[in-house]
Amino acid sequence: VAIRDSETAAKSMGIDVAAYKVRSFGISATITGLAGCLYAHKLSFISPEMFTLLLSIEFIIVIIIGGVFS
């Protein structure tokens, strides 16, 4: 919470901001990789042509709407 509110204040309290950011990035990458594995297993086949610009925009819209209401 301290890092989210103010990085400078968190640093002054002795919190290692860089370590927490790297750790949160690693957790995010792990969850994303697991989601990709489950998606590939569900479809049984994945091709780069399946991921279009429209799908990327749809993901971003879902993230924005989910972030607004949570």
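Observations on the structure shown:
- Under the condition of being within 21 Å of the chain's Cα centre (by Cα), open to solvent by 60 Å² or more (accessible area, probe 1.4 Å) and aliphatic (A, V, I, L, M), the residues counted in the range 12-34 number 5.
- Residue among I46, I57, I61, I3 that alone is part of a loop (DSSP other than H, G, I, E, B) and either among the small types (G, A, S) or open to solvent by less than 90 Å² (accessible area, probe 1.4 Å) (or both): I46
- Among the residues of the range 13-61, those identified as among the acidic types (D, E) and either over 18 Å from I3 (Cβ atoms) or touching a residue at least 24 places away in the same chain (Cβ under 8 Å) (or both) are E49, E58.
- Flag set for A9, criterion: over 15 Å from the mean Cα position of the chain (by Cα) and in a helix (DSSP H, G or I).
The values are calculated or read from the model by the stated rules, or taken from the named source; none is laboratory data. Please read these numbers as outputs of a predicted model, since none were measured by experiment. Here Cβ is always computed from backbone atoms with ideal geometry, including for glycine, and neighbour counts include all displayed protein chains. Only protein heavy atoms, including side chains, enter the accessible area calculation; ligands, DNA and RNA are left aside. Shrake-Rupley method; radii C 1.70, N 1.55, O 1.52, S 1.80 Å.
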